[in-house]
Amino acid sequence: MARHKTTQERPIVLPVGFNAWLLDCAPAPDCKVCAANWRQLTAAKNKGDITQAAKHADEIRSHAAGVH
């Protein structure tokens with residue numbers, strides 16, 4: 001039997017500022033939906049869950065633009 005060599009790949013390093021760009025959004029003024037998403041975005045970001053934070057940022061951008 002042939003033995004396979006396994007190695008761990010190097011971690012992906014994102015460009016500096018990528019998360020700031022990804023999470024860039026502004027809640028619509030006096031909007032409860034945007035405010036709730038902003039709180040959830042902040043909580044996710046503080047836990048290091050950038051994927052979840054990005055989802056909330058997308059919701060804020062879409063809602064503030066009138067998409068939702």
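The values are calculated or read from the model by the stated rules, or taken from the named source; none is laboratory data. In this text the structure is predicted, and so the values were computed from the model without any measurement. Cβ atoms come from the backbone with ideal geometry, glycine included; neighbour counts cover every protein chain shown. All accessible areas refer to the heavy atoms of the entire protein, side chains included, with ligands and DNA or RNA removed. Shrake-Rupley method; radii C 1.70, N 1.55, O 1.52, S 1.80 Å.
Quick one: length gained pulling residue 28 to residue 55 fully straight, 0.36 nm per residue minus the C-alpha distance?
Numbers: separation 27, 0.36 × 27 = 9.72 nm, distance 1.64 nm.
The span from residue 28 to residue 55 would gain 8.1 nm if fully extended.
Mind checking which aspartates and glutamates have their Cα closer than 20 Å to the Cα of residue 55? Skip sequence neighbours fewer than 8 apart in that chain.
List returned: 24.
Karplus couplings for region 34-49 from phi (6.51 cos²θ - 1.76 cosθ + 1.60, θ = phi - 60°), rounded to Hz, Gly and Pro as x?
5, 5, 5, 5, 5, 4, 5, 4, 4, 5, 5, 4, 5, 7, x, 8
I'd like the carbon and sulfur percentage of the solvent accessible area for the chain, probe radius 1.4 Å, heavy atoms only, ligands and nucleic acids excluded.
Numbers: 3210 of 5810 Å².
Of the solvent-accessible surface of the chain, carbon and sulfur hold 55 percent.
Just to confirm, what accessible area per residue do you get for the chain at 1.4 Å probe, in whole Å²?
Numbers: 5810 Å² over 68 residues.
Result: 85 Å² per residue.
What 222 nm value per residue comes from the helices of the chain, counting each DSSP H run with n ≥ 4 as -39,500 (n - 2.57) and dividing by all residues, nearest 500 deg cm²/dmol? Walk me through the numbers on the way to the answer.
Numbers: 3 runs with 36 residues, N = 68.
Mean residue ellipticity at 222 nm (helix-derived): -16500 deg cm²/dmol.
Taking R0 as 35 Å, what FRET efficiency do you get between residue 65 and residue 16 from their Cβ-Cβ distance, rounded to the nearest 0.05? Could you put the intermediate results ahead of the total?
Values: r = 27 Å, r/R0 = 0.78.
E between residue 65 and residue 16, to the nearest 0.05, is 0.80.
Could you check the simple spin-label distance between residue 39 and residue 7, using points 7 Å along Cα→Cβ, in nm with one decimal?
A separation of 4.9 nm, rounded to one decimal place.
Considering the chain, which cysteines have no disulfide-compatible partner, defined as another cysteine with its Cβ under 4.7 Å away?
Here 25 come out as lacking a disulfide-compatible partner, given the Cβ-Cβ threshold of under 4.7 Å.
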